[in-house]
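Scroll down for the structure; my scribbles are underneath it.
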């Protein structure tokens, strides 16, 4: 029977903690966004054929029986969570969620699952901080998979993979906690949910059809015979919702989606090249990863030109002095300037000479796209490596008055820039260790690649003169006398319909050091029993007090506050959230013992 | 000695490129003198290339050096702060025995326009904190241990409080925080005050609790010590520690009297 186990650490081994979680949940990248970026990048790294890669995200709420069934899977994990200080209360909630992420038209975790062969299965399950990826692939650091355990409130996830030629899928689970002492023995941070052990005590995935089918049904995994990888994250972080995932997809993967290389399904929403505009328009946050609004028309125009032969090719690689007049014949400069002045999309291919330490120099290239800014719009830059947008590089196009895109799609330049990328794939670093290990003069090459788009802009835009008849209209405008005789606009009387006032069912009353929740007039119309969720936090001037709450402010689970109940039962959900099961209209909840120097924020609503 | 000039956009760009390229080779000090990359300040200010023992000393020197300039316009003078970072780059990012440097993020040296990063510029932050908080700036600028002091150290306390303008801009709050967290004898922050967001009584928690107090108290106008008295029990270990140390300091001082 498969279950959780954490390896015993020999006393001689140095303890190494998985401390890199903040790289996937910080000011620059939020967790849902990091999850989307990592998942899709992994999937696009392993395409099975020429068609578009499809990634499916689904959040499933489990029924009562399934909730219990899922909870029982973690009975042996719970004490380890406790020792590591991980809050396991999510397991005991009445209703729980599972996030399922699956990719299709991909190869799955290839390699021998029963050997340390450096292949994908080995890298995904058994390596931390080390990646087998390189070349055109997106990953490099071997840290991206940490986002899966980080996304679970109990730091755990399951994975099912099916590879070409497999008789049955392989199923395994992993928990990433911290090094800890359990049962009097030092234990590793990584624990596995697995079936049996093999040579060298290696944990083998479960392939028994009955168990796999039961887990597939419980977790809501859709994969049947298609190759690829399915991940199930139980008790996902509260911030991960279908909306936050859709926002992450729209902001980060607009380029491969519009180019027809990627299809994403989030719940019932399909995001492909045909539906993208509609989905993006309905997404509340239309901003890009760097905060700028994405001009989708420009991105689509660039996507459509990707396969085409560029009308202009720069002469000679840019490694020496960057992109300059000397890289073009005079006629090309003239044609680029006139095309730019005519608001046409410029497409220029620029050769880059790469110098790998192993082997001879490699000739590669980047594609640059440039278009003048439409009236009233803000500048926008797109830096793309393979399928990944690299938003942190946008600053190298700042101060311009145009839309620009730098697309690196050729294998060698994708390989080079991949080595320069940070773990979250948001920027390139000229001092990256992998870069200096594998390439000669990488800083200079990276600098010229970064500035190529800006250099091209300087070449074609610096002497463009345009007539703008309205440029000084604010300074020299003339009053329109015709308007002054029109008189004030007539007011239209709006009749506001009188709506019956809705009777409040819940009354929140302040009291010294706490609050009371009592029934309002509307409570008599309720059907009992009724569930009411109560959230409490200390208020703040700016921002959401509930989100800013820390268990150090107070913890409703810890008995430090006094709770009085009348005709109701209470279950703690989080340190600042209670679930009230109300039995009759004459109910009441009083909580006291809060810090009287701080204002209390209370929210109560029916579930 | 060098007459101070501010870098222009071209100078800042070239300095940034030099950092992005690994800051290898000679310092591009010519950017500070060439008219193509820098411009004179309104006043003639001569900077001495002193070696500073810590960031607090550095901050005090900068306040003396720049005393003739208007502080309000000075605070956002990107060209000046970047020029000063270049001038003291050897101390902000010293080369190792082999002459190699490991520069940190560009915003440590070039004053960023991004509100998320501007307070992280190493020269401006030293000047700003001493300018606003005088001796209490030691909370931000000194390490817990003398051997950890260096000019290129931004420090966790500054990182955690620096982005919260309502805190870092309040003299009273920072004076109280300094009383709470600093050793009254050494003036240095005690070990362990930074902690994480889940560490009770940490600096980060102080920022969170002050945000809550901000709704009901005008901390800027409260009497000395009142704010500390309000802090919840998670801060108890820091509140009691300074008293003990201060008492010890008084006894020692009294004992030293003839």
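Rule-based calculations on the coordinates, nothing more; no lab input. For clarity, every value in this text was computed on a predicted model and none was experimentally measured. Using ideal geometry, Cβ is built from the backbone for each residue, glycine included, and neighbour counts are taken over all protein chains shown.
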Can you give the average number of partner chain beta-carbon atoms within 10 Å of each beta-carbon in peptide B:200-211, as a whole number?
3
Nearest 0.05, what FRET efficiency do residue A:168 and residue A:200 give at R0 = 22 Å with Cβ-Cβ as r?
0.40
Quick check on the protein assembly as shown: of the DSSP beta bridges with both residues there, what percent are antiparallel, nearest 5%?
90
Helix-derived mean residue ellipticity, 222 nm - over chain B, DSSP H n ≥ 4, -39500 (n - 2.57), to 500:
-12500 deg cm²/dmol
How many Cβ atoms of partner chains, on average, are near each residue of A:540-552 if near means within 10 Å of its Cβ?
4
Nitroxide proxy distance, nm - points 7 Å out along Cα→Cβ at residue A:544 and residue B:34:
5.1
Computed [θ] at 222 nm, deg cm²/dmol, chain A (DSSP H ≥ 4; -39,500 (n - 2.57); rounded to nearest 500):
-6500 deg cm²/dmol
If you line up the long axis of helix B:9-20 against the longest principal axis of chain B, both from Cα atoms, how many degrees apart are they, to the nearest 10?
70
Computed FRET value (nearest 0.05) for residue B:233 with residue A:7, which takes r as the C-beta separation and R₀ as 41 Å:
0.55
Starting from the 7 Å offset along Cα-to-Cβ, what nm value, one decimal, do you get for the label separation of residue A:243 and residue A:222?
2.3
Of A:382, B:87, A:116, how do they rank once you tally other Cβ atoms within 10 Å and put the fewest first?
A:116, B:87, A:382
In degrees, nearest 10, the alpha-carbon axis of helix B:236-256 is tilted away from the dominant principal axis of the alpha carbons of chain B by 90
Take the alpha carbon gyration tensor of segment B:1-135, find the square roots of its eigenvalues, order them as a ≥ b ≥ c, and report rounded if a/c is under 1.5; if not, report prolate when a/b exceeds b/c, else oblate.
rounded
One finds, for residue A:531 and residue A:342 with R0 = 51 angstrom and r their Cβ-Cβ distance, a FRET efficiency to the nearest 0.05 of 0.20
Quantify how strongly other chains surround peptide B:149-162 by giving the mean number of their Cβ atoms within 10 Å of each of its Cβ atoms.
0
Length released on extending from residue B:218 to residue B:50, taking residue separation times 0.36 nm less the Cα-Cα span:
56.4 nm
Could you work out how far apart the two model spin labels at residue A:555 and residue A:590 are, taking each label as a point 7 Å from the Cα in the direction of the beta carbon, and quote it in nm?
2.6
How far is the Cα center of segment B:165-208 from the Cα center of segment A:409-454, in Å?
40
Where in segment B:141-179 does the amide nitrogen come within less than 18 Å of the point 7 Å from the Cα of residue B:76, taken along Cα to Cβ?
B:163-166, B:169
With Cα coordinates, the longest principal axis of chain B makes an angle with the long axis of helix B:122-133, in degrees rounded to 10, of 40
